[in-house]
Amino acid sequence: MVFDITQLRKIRKKLDLTQHQFAKQSGISQSMIAKIESEKLDPTYSYVKKIENAINSLTKHEEKQAKDIMIKKVITVKQNDKVSDVVRLMTRHDISQLPVITKGKVIGLVTESSILEKNLEGIKNLKVKDLMMETPPLISQNTKISVVSSLLKHFPIVLILEKGKMVGLIAKSDLLKAIV
């Protein structure tokens, strides 16, 4: 962060800190902070660096992780389920994609798009395995939201695994809700 040392008082007040509190955080005496703020003293480079480090540490925000925004209640389907049943499930729960699970493992994904790409006349006879897509990205709960955002530019959802077991998912709409 580049800052103007003459703005120290304004920055400190935005952080809602007294001179004494800020001095403690920066490792500089309170009287030195007062002199710098009143422009009675031009600080040395080492003081400016200490002040800058204190401001950076006080304003640093931890980036959210997948576990902070993931949906924990995940509805899944099996590869031999009828597509007509899957469509009803999607409609009832207002969701666009469902992970396909076999023996506790994710093997694919069925989406509204993958269903619509098939001949709608013969859809009643199809099973999930006839139209499922490949597995979406599998990530850990500690994956940063910036990584999740990048993945969602190319995939409809990401699945969160913990010790090989699916514990949640994040869709584009979930990410948007977290941002707002």
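No lab work stands behind these numbers, since they all come straight from the coordinates. Here the structure is a predicted model, which is why all the values come from computation and not from measurement. Backbone-built Cβ (ideal geometry, glycine too); neighbour counts: all protein chains shown.
About its Cα centre, the stretch 104-147 has a charge dipole of approximately 200 debye under the convention of +1 per Lys or Arg Cβ and -1 per Asp or Glu Cβ, with nothing else charged. For residue 154 and residue 49, the difference between the fully extended length at 0.36 nm per residue and the C-alpha to C-alpha distance is 33.7 nm. According to the Cα-based calculation, Rg over Rh for the stretch 30-180 is 1.32, with Rh computed by the Kirkwood formula. Counting only lysines at least 8 places from residue 50 when in the same chain, those with an alpha carbon closer than 24 Å to its own are 10, 13, 14, 24, 35, 40, 60.
Extension gain for the segment residue 177 to residue 39, taken as residue separation times 0.36 nm less the Cα-Cα distance, is 45.2 nm to one decimal. A simple spin-label model places pseudo-atoms 7 Å from Cα toward Cβ; at residue 64 and residue 87 they are separated by 3.5 nm.
Each label point was placed 7 Å from the Cα along the Cα-to-Cβ direction; for residue 119 and residue 144 their separation is 4.9 nm. The stretch 1-32 and the stretch 101-122 have their alpha-carbon centroids 57 Å apart. Gain on full extension, evaluated as 0.36 nm per residue between residue 129 and residue 30 minus their Cα-Cα distance, stands at 28.7 nm.
Converting the Cα gyration tensor eigenvalues of the stretch 5-59 into ellipsoid dimensions via √(5λ) gives semi-axes, longest first, of 15, 12, 10 Å. Computed on the stretch 1-102, with alpha-carbon pairs under 8 angstrom and 6+ residues apart, the relative contact order is 22 percent.
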